[in-house]
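Only one structure is covered here, and it is reproduced in the block below.
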Amino acid sequence: MLKYLATRLALTIPTFLAVLTLVFFVVRVIPGDPATAALGDYASQEAVEALRERMGLNEPLYMQYFQFLGDLARGDLGKSMITGKEISGMVKQVLPYTLELTLSAIIVGALLGIPIGIHTARNSNTLVDYIGRITSLAGLSVPAFYLGILVMLLFAIKLKWFPAVGGGDLSDWKSNLSHLALPSLTLGLIMTASVTRLTRSAMLNVLNEDFIRTARAKGLSERVVVFRHALRAALVPIVSIIGIWAANLIADSVLTETVFARPGLGKMLVGAIMQRDYTALQSVMVIYTGFVVIINLLTDLVYSLVDPRITH
Amino acid sequence: MKRFVIIATLLATVLILGACAQPTPEVVEKEVIVTQIVKETVIVEGTPQVVEKKVEVTKIIKEVVTATPVPKEPVVLRYADKAADLGTMDPHFAAATNDRNLVDMIFNALVRYKPGDGTQFEPDLAEEIPEPVIVDGKQVWTFNLRRGVMCHPSEQVPAYELTADDVVFSLKKSANPDTSAYAGDYNGMTVEKVDDYTVKITMEQPISPVLFLPKVADYAGGFIICQKPYEAMGAEEFKTHPVGTGPFMFDSYSPQEKVVLKANDNYFRGRPLLDAVEYRFMPELNSRELGLRSGELDVINGAAEGQWVRRMNQEDGIRVDVYGVGEVATIHFNLTVPPLDDVRVRKAIAYALDRDEFLALFGEPVAANVYSAVPAQFLPGGLTKKEVDELGLEYPLDLDKAKALLAEAGYPDGFSLEVVSSERESYLKNYQSMQAQLAKVGIDIKINTVDHSSMHKLIRQDVNPIVIYVAWRPNADVYLTRFYHSDSIVVTGAKPDTNFSHYTGIDDLIEQARVELDPDKQIELWKQAQIKLLEDMVSYPLQYQNQVTARRDYVDYGHELKSVLALYPQITENTRIVK
């Protein structure tokens, strides 16, 4: 197990390096630069050039690249090219918002998706199943930003149950949870659709297996058959889809955080792109890559927990 | 056991609820002694006279009290802007609209544009607007500073009185290209301290007040920063910890979320009526709109569309304000690129375009037509519709004339051009409308849409034969110099800027107007320059696009909204929430 973990971690280094190199050069290929974006159209060319110089943008590209890698190796994410603030400090402020959103969306997605999937599988080809399948298909087809607006219109404007925008105060759990409700519901609902469909098909396969028939023949209650025997056998694909969604949700947070005007890594990424804040953009991408790598690793490890046949 | 658990749970619930409950308010009567001024008629030497006299009176007042006093909720204005994040709060680098809005609340200048009306100047840190005098051929402006103006306290430096040292330091900073994006505006200006409350500004070349005052007004480089905190914290830190003298002072900055400003209790015009301003970064219009409708926001940056304005005005408790200054959209033709190097082709394009069709894209009251490079509605020196009409330079829609001119120029079947446009609606809509209108005379335009920042970079590299540019400039000289003076020609000019047309025909008029001290003659020179631009069809003025903000109806800005250079409704010490 430890050997497997060490190998997987070692393999992340080339992945990181490839992503960083790609991001570093791609952001610089896009026309426009931080100096032009920062000073706007009123500033003279002379002022823009002076700022470019101060930002170090006139240095040769390879020097900028090695400087960036060197800083990163020392664990230094650098300073924002626009505000001059330490990026690690900025990330520290916004990361909890993204993490709580992702985590709560996974909880919503799993808590709704798995039971609905099981229920529709047990009642396949009935009205309940049809409704479940159509609803989950619709859920998969609705973009996060559009669903977010619909959710806001219903729960914030019409019913006035939750606030529509903002992230709330992290030190005040009431404010924090009320601001988290609608974005996590939005992302959670989209994930629910996917988890429902996969749980349904996995359960359908398992429910027709011989060992389930045997369990039933032994006189076990239906609850025990479904939850202890069938669900356990169907968990591997379900864990897979949850793992995939965990990574997807971090990416989807870009849209959700923008629509709900929540602080977070996604909003930071959008801001960095709009402002051409190269250092901030690179750092956010490093963090995103790290998350995806960790989530994939965790998913692999969970496989062996839910299915003893899988060994590393 | 089960019963015990139930009772214990109920007891705990009661205790928790009791602890969380608001204390019951009681009304008590209280005796207070107040001093009143009363008027009395006394007889002095046989003549009755009214005199004022101070007397102490005991009054009984009713007061609402609670066992634990309920703290007063601070009055906070929640403003949402379309920006994704802060750029800088160093006013001499603040260029984005959100940055300009913030510095407008934090800093003052020697003079200021009247709140809500960008056409009038009034004293700000200066006691009055001085009259310039000529000394040895140079123009001298002497400003007497107000006493008792306090710089905001900061972590490094406690609050202190602003003096001439701060003003001199600040204006010198504005003139330095390393510490200001507006250094070019301060060429030929010397700033000196006469005494602690007097500053002398000498202009090598005398200029009219219309051109001088914007340099020392609350816009761009004119903002006065406090020297000691700037030096103590350094330029980089100052971007996110600004220290000025304005009605609001910096409190906190949460990246991608908001900047919080709190009231400056020592503001020289009196303590602001608001306790704080929360300036939120919300790039998505739908989110801002829903935030306003749900009552979580008080003011939002709206959409520059007549339809949006009408729809939002129908919402209960919401009012939309449409006001200047309007950013002017102009079509610039590159005179060095065939076939646009032929004046007949440019005139043909002008006759093929219909201003009203462009205008309909934005709809009134958001936009209105303009007829010259300088918008006559906001600035002295612009040409009105009547004036261009009388001169026969309006170029009204006439497709036959357009086709005839194209044929005469050797393009009876039209031609093709390729342009880049910003993704922003104020640009893209105009490009698309131009594309559709010119197709009627056989001119085929291919539009490549790029993001806004990329467009700015590309058009400055001279990639577009036709550039649509939307901009506000503080006076006619800046408009004409930066868009039409030969020094400003993109790439090849002495100071490459935004002369996209490569035009060189009005340098002398711009320069004469700049040094003309008689305001009427100066305006006349600017008008002549613009008549020449229209005669040569160097550019085709389209429309100005106003600012649009929506607010809850309990927000009172404290001034009438006509035009604001900072491109927001302006939040001052008089802004309040009336619920």
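Scanning segment A:23-35 for residues that are touching a helix residue (DSSP H, G or I) at 6+ places or on another chain (Cβ under 9 Å) and at pLDDT 80 or above gives A:V23, A:F24, A:F25, A:V27, A:R28, A:P34, A:A35.
When segment B:191-209 is limited to residues that are more than 23 Å from B:K228 (Cβ to Cβ) and either open to solvent by 50 Å² or more (accessible area, probe 1.4 Å) or within 14 Å of chain A (Cβ to nearest Cβ) (or both), the one that is nearest to the chain's Cα centre (by Cα) turns out to be B:P209.
Name every residue in segment B:439-463 that is out of contact with any Gly (no Cβ under 9 Å at 6 or more places or on another chain), away from chain A (no Cβ under 14 Å) and open to solvent by 10 Å² or more (accessible area, probe 1.4 Å), in order of residue number.
Residues satisfying the conditions are B:K440, B:K446, B:I447.
Would you check which residues across segment B:550-579 are outside any loop (DSSP other than H, G, I, E, B) and within 16 Å of B:D117 (Cβ to Cβ) and list them? Matches in segment B:550-579: B:S563 only.
From the list B:E284, B:E296, the lone residue that is within 11 Å of chain A (Cβ to nearest Cβ) and free of Cβ contacts under 8 Å to residues at least 12 places away in the same chain is B:E284. Take the conditions (1) hydrophobic (A, V, I, L, M, F, W, C); (2) under 20 Å from B:T336 (Cα atoms); (3) at pLDDT 95 or above; (4) open to solvent by 10 Å² or more (accessible area, probe 1.4 Å); B:A436 misses just one of them, which is (2).
Scanning segment B:471-480 for residues that are open to solvent by 10 Å² or more (accessible area, probe 1.4 Å) and within 11 Å of chain A (Cβ to nearest Cβ) yields B:W472, B:P474, B:V478.
Residues in segment B:95-129 that are hydrophobic (A, V, I, L, M, F, W, C), outside any loop (DSSP other than H, G, I, E, B) and open to solvent by less than 20 Å² (accessible area, probe 1.4 Å): 7 in all.
Taken together, A:I244, A:I273, A:I238, A:I212 contain a single residue that is over 30 Å from A:E86 (Cβ atoms), in contact with a helix residue (DSSP H, G or I) (Cβ under 9 Å, 6 or more places away or on another chain) and open to solvent by 40 Å² or more (accessible area, probe 1.4 Å), which is A:I244. Within segment B:288-305, the set of residues being part of a helix (DSSP H, G or I), in contact with a strand residue (DSSP E or B) (Cβ under 8 Å, 6 or more places away or on another chain) and open to solvent by less than 30 Å² (accessible area, probe 1.4 Å) comprises B:R288, B:E289, B:G291, B:L292. Being surrounded by 20 or more Cβ atoms within 10 Å (Cβ to Cβ), away from chain A (no Cβ under 14 Å) and closer than 30 Å to A:V27 by Cβ is the requirement here; does B:N430 meet it? When the stated conditions are applied, B:N430 passes them. Applying the condition of being open to solvent by less than 20 Å² (accessible area, probe 1.4 Å) and part of a strand (DSSP E or B) to segment B:261-277 and asking which residue is farthest from A:G271 (Cα to Cα) yields B:A263.
Residue check: is B:P247 within 14 Å of chain A (Cβ to nearest Cβ) and on the phi < 0 side of the Ramachandran plot? Talk me through it step by step, then tell me what you get.
Numbers: within 14 Å of chain A (Cβ to nearest Cβ): no; on the phi < 0 side of the Ramachandran plot: yes.
When the stated conditions are applied, B:P247 does not pass them.
Checking each residue in segment B:488-501 for being within 11 Å of chain A (Cβ to nearest Cβ) and not small (G, A, S) picks out B:V490, B:V491, B:K495, B:P496, B:D497, B:T498. Got at least one residue in segment B:503-515 being buried (at least 23 other Cβ atoms within 10 Å of the Cβ) and assigned to a loop (DSSP other than H, G, I, E, B)? Yes, segment B:503-515 contains a residue that is buried (at least 23 other Cβ atoms within 10 Å of the Cβ) and assigned to a loop (DSSP other than H, G, I, E, B). Restricting segment A:16-53 to residues that are farther than 21 Å from B:V491 by Cα and exposed (fewer than 14 other Cβ atoms within 10 Å of the Cβ), which is nearest to the other protein chains (Cβ to nearest Cβ)? Here the answer is A:V26.
Of B:L292, B:L393, B:L335, B:L340, all but one fail to be modelled with pLDDT of 95 or more and not assigned by TED's automatic domain parsing to the domain that holds B:P541; the exception is B:L292. Checking the structure you have, find out if any residue of segment A:66-78 is under 30 Å from B:V328 (Cα atoms), of a type in the set (A, V, I, L, M, F, W, C) and part of a loop (DSSP other than H, G, I, E, B). Checking segment A:66-78: not a single residue is under 30 Å from B:V328 (Cα atoms), of a type in the set (A, V, I, L, M, F, W, C) and part of a loop (DSSP other than H, G, I, E, B). The set of residues in segment A:148-197 being surrounded by fewer than 23 Cβ atoms within 10 Å (Cβ to Cβ), more than 17 Å from A:S104 (Cα to Cα) and touching a residue at least 24 places away in the same chain (Cβ under 8 Å) consists of A:I149, A:F155, A:R197.
A:A261 meets each of the listed conditions (1) within 17 Å of A:V292 (Cβ to Cβ); (2) open to solvent by less than 10 Å² (accessible area, probe 1.4 Å); (3) of a type outside the set (D, E, K, R); (4) touching a Gly at 6+ places or on another chain (Cβ under 8 Å) apart from (1). Is it true that B:D462 is over 22 Å from B:V388 (Cβ atoms), of a type in the set (D, E) and part of a helix (DSSP H, G or I)? When the stated conditions are applied, B:D462 does not pass them. Kindly indicate whether A:L204 is open to solvent by 60 Å² or more (accessible area, probe 1.4 Å) and either in contact (Cβ under 8 Å) with a residue 40 or more places away in the chain or part of a helix (DSSP H, G or I) (or both). When the stated conditions are applied, A:L204 does not pass them. Residues satisfying the criterion are absent from segment A:59-71 (criterion: among the hydroxyl-bearing types (S, T, Y) and at the interface with chain B (Cβ under 8 Å from one of its Cβ atoms)). Take the conditions part of a loop (DSSP other than H, G, I, E, B) and touching a helix residue (DSSP H, G or I) at 6+ places or on another chain (Cβ under 9 Å) and apply them to A:F145. Does it pass? Considered against the rule, which asks whether it is part of a loop (DSSP other than H, G, I, E, B) and touching a helix residue (DSSP H, G or I) at 6+ places or on another chain (Cβ under 9 Å), A:F145 comes out as no. Evaluate the following for B:E237: is it within 12 Å of chain A (Cβ to nearest Cβ), under 23 Å from B:N264 (Cβ atoms), more than 18 Å from the chain's Cα centre (by Cα) and not in a strand (DSSP E or B)? The answer is yes for B:E237.
The values are calculated or read from the model by the stated rules, or taken from the named source; none is laboratory data. Since the model is a prediction, treat every value here as computed from it, not as a measurement. FYI the Cβ positions are ideal-geometry reconstructions off the backbone, even for glycines, and counts take in every protein chain you see. We work out accessible area using only protein heavy atoms, side chains counted, and drop any ligands, DNA or RNA first. Shrake-Rupley method; radii C 1.70, N 1.55, O 1.52, S 1.80 Å.
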